[in-house]
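Student: I am attaching a structure below and will ask some questions about it afterwards.
The values are calculated or read from the model by the stated rules, or taken from the named source; none is laboratory data. All of these numbers come straight from a predicted model, not from anything done at the bench. So basically every Cβ, Gly included, is an ideal-geometry build from the backbone, and we count neighbours across all protein chains shown.
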């Protein structure tokens, strides 16, 4: 295993920025949630790579917690999307502006 | 090193497909591919239990939930891809900022491969950490999951 740690961190940053661009560009709520999943996974890559680099299992434990939070976030987020769609018949974030001041 | 480049290239490509494909179904399938590639990276980094969890929990459970909701709501294609111009500007600025961060972060320091304990990444070692040093966060996780379950049920039942 001779991959430089910087390569792993760079890959993590690239994946994270792809997810961030997805959150900002896409209007479909489900796709926005999927982009958030990409961002969470990018951070997981950094955690596992650093865990390997520092030879400490703590990073992998944190990945375990991140996965738990991601599962909870997906369950609640998708339930919100279902409730929104039942009321408004749309998933377009631009048409859901009722809370805007 | 070769494995890293193959996995990294494929993961970045399928992540781009995920956020750019017009159909949410194909986006979700590309995301499944991304998650499986990341699981392979975890295995490459000797994090075997985490790699298994990635496949089972992420690519299995969470993505099935996503596909289920997409099918339930009808897979409507998006009419236009871009957001409002302010958001487009924000996306551009953040992409440039992250690219700059990338340029500074890539240092030629290698992952130290020497003297790795044989149990590194095993279920045993991870569980030992989880139930000693991280016991309190672990218990809080169960609370979080319970709140999420109750919240999801409440949100889903309100309209029905």
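Student: Identify, please: which residue in the stretch A:52-63 is more than 7 Å from chain B (Cβ to nearest Cβ) and in contact with a helix residue (DSSP H, G or I) (Cβ under 8 Å, 6 or more places away or on another chain) and is, among those, surrounded by the most Cβ atoms within 10 Å (Cβ to Cβ)?
Tutor: Within the stretch A:52-63, the match that is surrounded by the most Cβ atoms within 10 Å (Cβ to Cβ) is A:59.
Student: Another question, then. Return yes or no: is residue B:89 more than 9 Å from chain A (Cβ to nearest Cβ) and at pLDDT below 85?
Tutor: Here the answer is yes, as residue B:89 does meet what is asked.
Student: Just to be sure, is residue A:97 over 23 Å from residue B:92 (Cα atoms) and surrounded by fewer than 16 Cβ atoms within 10 Å (Cβ to Cβ)?
Tutor: Working: over 23 Å from residue B:92 (Cα atoms): yes; surrounded by fewer than 16 Cβ atoms within 10 Å (Cβ to Cβ): yes.
Answer is yes for this residue.
Student: Can you pull out the residues in the stretch A:70-86 that are more than 7 Å from every other protein chain (Cβ to nearest Cβ) and either surrounded by fewer than 16 Cβ atoms within 10 Å (Cβ to Cβ) or modelled with pLDDT under 90 (or both)?
Tutor: Residue satisfying the conditions is A:84 alone.
Student: Only one residue in A:32, A:66, A:21, A:43 is closer than 25 Å to residue B:74 by Cα, more than 7 Å from chain B (Cβ to nearest Cβ) and under 12 Å from the mean Cα position of the chain (by Cα). Which one?
Tutor: Working: A:66 fails: closer than 25 Å to residue B:74 by Cα; A:21 fails: more than 7 Å from chain B (Cβ to nearest Cβ); A:43 fails: closer than 25 Å to residue B:74 by Cα.
From the options A:32, A:66, A:21, A:43, the qualifying one is A:32.
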